[in-house]
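The next block holds one structure in the form of structure tokens; read it before the comments.
The values are calculated or read from the model by the stated rules, or taken from the named source; none is laboratory data. Please read all numbers here as calculations on a predicted model, not as lab measurements. Here the Cβ is made from the backbone with ideal geometry for all residues, glycine too, and neighbour counts use every protein chain on show.
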Amino acid sequence: MADPTAVPTAGRPPFWRRLGIGARITSIFVLGALALSFSMGGLSYFTTRHFLVAERVSAAQHQAFANATLLRSTLSTINKQSANPSNLLASLDAGSNSHSALIYNGKPYSSSLSLSASSIPIGLRDAVLGGSAATQTYREGAQSLPQIAVGVPIPSVHAAYFEVFSLSDLDHTLRVLGLALIAAGIVTTLLGAALGRFASDRSLRPLAGVSRAAVAIAGGQLDTRLKSDPADSDLVGLTTSFNAMVDELQVRIEREARFNSDVSHELRSPLTTLSASLEVLEADHDTLPPRAQSALQLLGEDLRRFQRMVGDLLEMSRADAGSVDVFLQEVNVCELVQRAVDAGMRSLGEEAARPRVVLGEGVRSLRVDVDKRRFERVMANLLENAANYGGGATVVSVTALAAGHGGVGVVDGAAGNGDGTAAGADHAGPGLGEVEIGVEDDGPGIDPLERSKVFERFFRGPVSGRRGTGTGSGLGLALVAEHVSLMHGRVRVEDAPSGGARIVIAIPVATTDDASDGTDESNASDESDGSDTSGAPDAPDAPVGSDAPDGSEW
Amino acid sequence: MSGRILVVEDDERIRSSMRLALEGEGYDVHDAASGEEALDLFADAPTDVALIDLMLPGMDGFECCRALRRQSAVPIIIVTARADTHDVVAGLEAGADDYVTKPFVAKELAARIRALLRRARPPEEDDPGALTFGTLQLLPEQGVLRHLDGEEVHCTRTEFRLLCELAASPNKVLSREQLLDRVWGYDYFGDGRLVDVHIRRLRTKVEPDPTLPRHILTVRGMGYKLVP
């Protein structure tokens, strides 16, 4: 479903926009932590390295100069011919990690096989042979080991002293330090991600509250409000404006519901006068001239229709205003349905054919919690609907559904009118399952595309399928959905086996009649399950005490 | 069947049409526009049935109902705008015997009045005979409920009729539907609250402790029974 307020953009939005706000906050934290940890890590690494190398260079120079001084004094005192520079070098106090080399009278000498004069960097050698002391750090060999070479010219004896220090231990230390810093950086970044996640959750939590509140309000709980946290100045604005919006909405809805209720209510007084006066006229029907009789008949029919419409509207507006009282009473479902069909057929008039009432297996003992008056209205509306659109109801079936049945949760008839009336509370049959009451007709059926609309207010089927002159209020099925939902049931539309429409009400089973004392069901056990109990309006299982009430024929 | 009917209704047009319709059914109709006027009219001449709109200016329908009930056991029908509110129960508790909702059909109203008038006469052949329960004695044929010491217990005719029906089959459960049918003449879809409120009213008169009934018992999900 397209959001009508969304600005259409060409192509896909940039990646950044496609991230949720939570992901964006987390990414910012990750990038921040990454930048911070690696800049701090790099800084510490290079500072440490610079300091350690400088220290080693200074120590190396110190040692090289001391050795050069020692060599100069030795070489200047001993006999030039007898001097063995290699021995001299060996006798020098060199550290374990340094090697010495000497160029004496143009000849190179070395303290170690691994060091030859040629391995001393040429630049350094030239500088020293040129008469100035020099230091150079460089890498050498296949393993590119870091070294410091210090060269000291000893011009008084025509010699140049070189000492090469291995920095491999320092290199190792620095490598370990580097790895430690990288590890610290990764850990910091992960912590940053976690912190970002936490922060985004934390900062989005009020939005989740707003969302929950909006859902509750959409579900009809208009008294839902956001809790205001005065300590949080950032959220006060949102909370206040949201609550103000809901206040305004509630006022409007209530005003509208009250208006509807008032209108219908005000219509009742003139209607009462009209209908009472009409009955006076109808009592004298036979004495009127034929034209007046016809007019009276038209007047009577439309007045009753108008009366029903006002009644339905009032019922609807009460439901909207939430001011309904439901008087649930536990009754035997079979008796209820039989009686409701009888009452519904009575109000339809004598010419209507009574539908067959088909009782499914195991339904006779089921009891349901219903508001009998509402159930009577439901059945009357369904029968009337079938009479108006489907040529009259053919079958009213009562079927038991065990608890935990599958596939019945589909509410085809969930009203699209936004107030969720048709779906009802989602009471999946608790424990004892549900009983389904289906009313079938012989009409053209209901187009699957229209099934979601039949429970909407003032929905009327296609004109071609309509019989009669449309005596319904257009609220019949909407009220069915309303009443059923108030009785914790659900309603849906499906195809009848005959091809007509079948409207099904599912109501949770309250108890079973096992403990029946036999007063209600004296004849019921004589009939086999699934039998067809169509027939006279006085069903065979009339309760004890049906001693022809003489005041009940109104 | 004829009888004198007191119509209490503030809307003049409804009053006139009700008068026309009820007179058409053969009743002698007297009308009042307010509760005060109704009480005056009631004092003047015997009334068989009172029809009271709940929404009245000044003294409202409930108060009018209570005032009538204080001085008489006359059958009272209240006229209410809505059936599914507390108004109905409040009206019944104020002493009404039955109710109709606006806009009513005159035939339906006439039928309700007929049922009340029928009941207002002493019960006939289905006489359960005298029954004693607790410290009370019910004498249906004389229309009397009295303590064993002879002191009479005042109850409305509907309450009395209800008690008689329960007493006709002691210890047997009668469903709300059966009681509605036998006492009020309603079919299966009659309002069970009529029974419930009348049982409650009856208990305050016959039970030593109405909150812990010992004679008129509720059988959950079934109905009521009288235990002597």
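Enumerate the pairs (first residue in segment B:58-77 and more than 14 Å from B:H198 (Cβ to Cβ); second residue anywhere and among the polar types (S, T, N, Q)) with beta-carbon separation below 6 Å, excluding pairs fewer than 6 apart on the same chain, so at least 6 apart or on different chains.
B:G58/B:S34; B:V74/B:T47
Only one residue in A:D325, A:D262 is under 45 Å from the mean Cα position of the chain (by Cα), without any contact (Cβ under 8 Å) to a residue 40 or more places away in the chain and not in a loop (DSSP other than H, G, I, E, B). Which one?
Working: A:D325 fails: not in a loop (DSSP other than H, G, I, E, B).
After ruling out the rest, the residue left standing is A:D262.
How many residues does segment A:340-349 contain that are surrounded by fewer than 24 Cβ atoms within 10 Å (Cβ to Cβ) and in a helix (DSSP H, G or I)? Outline the logic, then answer.
Kept after step one, since they are surrounded by fewer than 24 Cβ atoms within 10 Å (Cβ to Cβ), are these residues of segment A:340-349: A:342-343, A:345-349.
Checking which are in a helix (DSSP H, G or I) leaves us with A:342-343, A:345-348.
Result for segment A:340-349: 6.
With respect to A:T188, determine if the residue is at pLDDT 85 or above, polar (S, T, N, Q), part of a helix (DSSP H, G or I) and crowded, with 16+ Cβ neighbours inside 10 Å. Step through it out loud before you land on a result.
Values: at pLDDT 85 or above: yes; polar (S, T, N, Q): yes; part of a helix (DSSP H, G or I): yes; crowded, with 16+ Cβ neighbours inside 10 Å: yes.
For A:T188, the condition - at pLDDT 85 or above, polar (S, T, N, Q), part of a helix (DSSP H, G or I) and crowded, with 16+ Cβ neighbours inside 10 Å - is met.
Can you confirm whether segment B:50-58 contains a residue that is within 14 Å of chain A (Cβ to nearest Cβ) and under 24 Å from A:D284 (Cβ atoms)?
yes
Answer with yes or no whether A:S228 is modelled with pLDDT under 80 and at negative phi. Spell out the reasoning first.
Working: modelled with pLDDT under 80: yes; at negative phi: yes.
Answer is yes for this residue.
What pairs come out if I take residues in segment A:378-393 that are in contact (Cβ under 8 Å) with a residue 12 or more places away in the chain and outside the structural domain of A:M487 (by TED's automatic domain parsing) and pair them with residues that are surrounded by fewer than 23 Cβ atoms within 10 Å (Cβ to Cβ) and hydroxyl-bearing (S, T, Y) whose C-beta lies under 8 Å away, six or more apart or interchain?
none
One line per residue, one yes/no per condition, for (1) more than 18 Å from the chain's Cα centre (by Cα); (2) among the β-branched types (V, I, T):
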position: B:T135; (1), (2): yes, yes
position: B:G143; (1), (2): no, no
position: B:E165; (1), (2): no, no
position: B:L174; (1), (2): yes, no
position: B:D181; (1), (2): no, no
position: B:R203; (1), (2): no, no
position: B:V206; (1), (2): no, yes
position: B:R214; (1), (2): yes, no
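In a loop (DSSP other than H, G, I, E, B) and among the hydrophobic types (A, V, I, L, M, F, W, C): does that describe B:A67? If you could, list the steps in order and put the result at the bottom.
Numbers: in a loop (DSSP other than H, G, I, E, B): no; among the hydrophobic types (A, V, I, L, M, F, W, C): yes.
So B:A67 fails the test.
Select the strands (runs of 3 or more DSSP E) contained entirely in segment B:88-205, then report the ones holding at least 2 residues which are over 30 Å from B:A21 (Cα atoms) and more than 14 Å from every other protein chain (Cβ to nearest Cβ). Walk me through it before giving the result.
Working: elements: B:98-101, B:131-133, B:136-139, B:144-147.
Hits in segment B:88-205: B:131-133, B:136-139, B:144-147.
Among what's in segment B:4-29 and is buried (at least 18 other Cβ atoms within 10 Å of the Cβ) and more than 14 Å from chain A (Cβ to nearest Cβ), pick the residue that is farthest from the chain's Cα centre (by Cα).
Ranking the qualifying residues of segment B:4-29, first place goes to B:V8.
For segment A:456-481, name all the residues that are in contact with a Leu (Cβ under 9 Å, 6 or more places away or on another chain) and either at pLDDT 85 or above or of a type in the set (D, E) (or both).
At the first step, the residues of segment A:456-481 found to be in contact with a Leu (Cβ under 9 Å, 6 or more places away or on another chain) are A:456-459, A:473, A:475-477, A:480.
Within segment A:456-481, A:E456, A:L477, A:V480 meet the criteria.
Considering only segment B:49-66, I want to know if a residue exists there that is surrounded by fewer than 22 Cβ atoms within 10 Å (Cβ to Cβ), closer than 18 Å to B:K107 by Cα, at pLDDT 90 or above and touching a helix residue (DSSP H, G or I) at 6+ places or on another chain (Cβ under 7 Å).
no
Does any residue of segment A:308-321 turn out to be surrounded by fewer than 16 Cβ atoms within 10 Å (Cβ to Cβ), over 30 Å from B:L20 (Cβ atoms) and within 14 Å of chain B (Cβ to nearest Cβ)? Working first, answer last.
Our first condition is that a residue be surrounded by fewer than 16 Cβ atoms within 10 Å (Cβ to Cβ); within segment A:308-321, this holds for A:321.
Those left that are additionally over 30 Å from B:L20 (Cβ atoms): A:321.
If we keep only those that are within 14 Å of chain B (Cβ to nearest Cβ) too, we end up with A:321.
Scanning segment A:308-321 turns up at least one residue that is surrounded by fewer than 16 Cβ atoms within 10 Å (Cβ to Cβ), over 30 Å from B:L20 (Cβ atoms) and within 14 Å of chain B (Cβ to nearest Cβ).
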